[in-house]
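The values are calculated or read from the model by the stated rules, or taken from the named source; none is laboratory data. What you see is a predicted model; the values in this text were computed from it and never measured. Glycine also receives a Cβ, built like all others from the backbone with ideal geometry; neighbour counts cover every protein chain displayed.
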Ligand SMILES: NC(=O)c1ccc[n+]([C@@H]2O[C@H](COP(=O)([O-])OP(=O)(O)OC[C@H]3O[C@@H](n4cnc5c(N)ncnc54)[C@H](OP(=O)(O)O)[C@@H]3O)[C@@H](O)[C@H]2O)c1
């Protein structure tokens, strides 16, 4: 029988952060998802039942090092996101490492169906960014949101109604927000894959079968297969597997797998 991967409980937060930092470039776009064994991105419409405490531990740690947390509007609405406020331990770690207390919250929306009075905006410790199309950025909704967020048009020339994923990434990088941590969701992930923007996928595999009602973690269409390679696999509470894959050809990251193996 193959040995199981090392358990995450044996690793300190610093050891885990070192694993997830291995081979990371600047800029770097990391995407984080949880999936069931049969590829479901949700159960009963939400992710709450999937992943468990160690997935949550990694979820929080990945936010800790981000300059910006990027989430598409469907996930913000469905999952009921609040303001991007990190835990005290994360804030302390960021201060020690010369980072602002909290990452910027960037929301990607084509329609701007976002409530400017929601706590996402009114309780934000840092002014959020809303990335949208050029047409939407010129609308009354944009005017309302501009009171509480920076509304940034990201449309390619000649396509004012489309949000261009490359321009979304570029807009964040131009603001000095190169450590981009994306928490989904599937529609946006599909656009990132299509535009070949994914440097890393951290994917928690929940050992459950959902049956097929839920979406998979990416939807859309990509002109070609995007190759990734494994950086590490860890085992978490409830027998979840916490995997990390980086873009094939990206420098580094091989040491991450070794480090994970050595720790087991
Ligand atoms: N398994 C996981 O780790 C995970 C992670 C995240 C979400 N989820 C699940 O995924 C489901 C939501 O799926 P979803 O596909 O609706 O999520 P999504 O990608 O977060 O949201 C889709 C919405 O985001 C905006 N958007 C995304 N890509 C766009 C593009 N290329 N151009 C313009 N706008 C774009 C649009 O917002 P507007 O409508 O405002 O224009 C679109 O309606 C929920 O069940 C959630 O629980 C699972």
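Which residue out of 51, 80 is surrounded by fewer than 19 Cβ atoms within 10 Å (Cβ to Cβ) and on the phi > 0 side of the Ramachandran plot?
Answer to the selection: 80.
Count, please, the residues in the stretch 6-20 that happen to be at pLDDT 95 or above, closer than 16 Å to residue 243 by Cβ and surrounded by fewer than 19 Cβ atoms within 10 Å (Cβ to Cβ).
So the count comes out to 1.
Only residues in the stretch 214-228 that are at positive phi count as the first member; pair them with residues that are within 12 Å of the ligand (Cβ to nearest atom) and at pLDDT 95 or above, Cβ under 6 angstrom, at least 6 apart or cross-chain, and list the lot.
Pairs that qualify, where the first residue is at positive phi and the partner is within 12 Å of the ligand (Cβ to nearest atom) and at pLDDT 95 or above, are 220/190; 220/191; 220/194.
Just to be sure I understand the filter: pairs with C-beta atoms under 7 Å, separated by 6 or more residues or on different chains, first member in the stretch 34-51 and under 14 Å from residue 80 (Cβ atoms) and part of a strand (DSSP E or B), second member near the ligand (Cβ under 6 Å from one of its atoms) and modelled with pLDDT of 95 or more. Which pairs pass?
Close Cβ pairs satisfying both conditions: 46/78; 46/79.
Hey, any hits in the stretch 56-73 for a residue that's over 25 Å from residue 190 (Cα atoms), in a helix (DSSP H, G or I), more than 10 Å from the ligand (Cβ to nearest atom) and touching a strand residue (DSSP E or B) at 6+ places or on another chain (Cβ under 6 Å)?
No; the residues of the stretch 56-73 include none that is over 25 Å from residue 190 (Cα atoms), in a helix (DSSP H, G or I), more than 10 Å from the ligand (Cβ to nearest atom) and touching a strand residue (DSSP E or B) at 6+ places or on another chain (Cβ under 6 Å).
Here are some conditions: (1) within 14 Å of the ligand (Cβ to nearest atom); (2) within 29 Å of residue 236 (Cα to Cα). Residue 110 meets all but one. Which one does it not meet?
(2)
I'd like the full set of residues that are within 14 Å of the ligand (Cβ to nearest atom), in contact (Cβ under 8 Å) with a residue 60 or more places away in the chain and in contact with a helix residue (DSSP H, G or I) (Cβ under 9 Å, 6 or more places away or on another chain), limited to the stretch 180-197.
181, 182, 183, 184, 185, 186, 187, 188, 192, 197
Just checking, does the stretch 13-24 include any residue being in contact (Cβ under 8 Å) with a residue 24 or more places away in the chain, under 30 Å from residue 136 (Cα atoms) and over 16 Å from the mean Cα position of the chain (by Cα)?
No, the stretch 13-24 has no match at all.
Is it fair to say residue 80 is more than 20 Å from residue 121 (Cα to Cα), in a loop (DSSP other than H, G, I, E, B) and modelled with pLDDT of 95 or more?
Working: more than 20 Å from residue 121 (Cα to Cα): no; in a loop (DSSP other than H, G, I, E, B): yes; modelled with pLDDT of 95 or more: yes.
When the stated conditions are applied, residue 80 does not pass them.
In this structure, is residue 42 within 16 Å of the ligand (Cβ to nearest atom), more than 14 Å from the chain's Cα centre (by Cα) and within 26 Å of residue 233 (Cα to Cα)?
Answer is yes for this residue.
If you scan the stretch 92-126, which residues turn out to be surrounded by 17 or more Cβ atoms within 10 Å (Cβ to Cβ) and under 16 Å from residue 179 (Cβ atoms)?
93, 94, 99, 102, 103, 104, 105, 106
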